[in-house]
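Undergrad: This is the structure, below, for whatever I ask next.
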């Protein structure tokens with residue numbers, strides 16, 4: 001199975017946080033962004049971006065867990081939490097370079113991680129994003145888009161230099 005994760009296009013994201021509300025509604029039956037598994041982050045004064053688990057190939061969060069409460073499924077690459085083992089120490093939170101893990105405010109001895117709404121046709125955050133800023137993508141797709149955008153920027157820059 002191909003590894004896919006939620007990617008946010010900061011050029012489309014307006015910071016509305018509907019993704020957080022959709023996530024908390026489906027996962028916690030409430031509209032509370034603090035209980036969401038996706039987080040809207042302000043990158044600059046005007047750039048917003050939503051961040052969730054990237055389903056790393058070698059997840060640092062799983063390695064960091066001293067109680068072996070986290071594991072990664074081989075087929076889906078989803079990070080699973082054995083809640084009975086999790087004591088909320090936060091080592092996995094510190095290890096995640098994407099900031100995609102959070103303590104559940106209502107059960108502070110347990111962490112929460114995006115599971116891509118595995119039992120639904122697509123993640124709710126992707127489904128409800130009004131700007132289509134969220135997509136499911138593979139690392140290969142992300143790399144291809146990054147290369148394309150870099151080439152467009154380079155060509156634009158070179159065209160501007162030639163006009164001088």
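Undergrad: Quick one: in segment 113-140, of everything that is part of a helix (DSSP H, G or I) and in contact (Cβ under 8 Å) with a residue 12 or more places away in the chain, which residue is nearest to residue 38 (Cα to Cα)?
TA: Quick first cut of segment 113-140, residues part of a helix (DSSP H, G or I) only: 124-128, 139-140.
Adding the requirement that they be in contact (Cβ under 8 Å) with a residue 12 or more places away in the chain leaves 124-128, 139.
Working: 124: 11, 125: 8, 126: 11, 127: 13, 128: 13, 139: 18 Å.
Within segment 113-140, the match that is nearest to residue 38 (Cα to Cα) is 125.
One line per residue, one yes/no per condition, for (1) at pLDDT 95 or above; (2) crowded, with 17+ Cβ neighbours inside 10 Å; (3) under 18 Å from residue 51 (Cβ atoms):
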| residue | (1), (2), (3) |
| --- | --- |
| 104 | no, yes, yes |
| 134 | yes, yes, yes |
| 138 | no, no, yes |
| 142 | no, no, yes |
| 152 | no, no, no |
| 156 | no, no, no |
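Undergrad: Right, here's the next one. Output the residue which, of all residues in segment 61-77 that are surrounded by 15 or more Cβ atoms within 10 Å (Cβ to Cβ) and modelled with pLDDT under 95, is nearest to the chain's Cα centre (by Cα).
TA: This residue is 77.
The values are calculated or read from the model by the stated rules, or taken from the named source; none is laboratory data. Bear in mind that the values here come from a model prediction, so they are computed numbers and not experimental data. Glycine also receives a Cβ, built like all others from the backbone with ideal geometry; neighbour counts cover every protein chain displayed.
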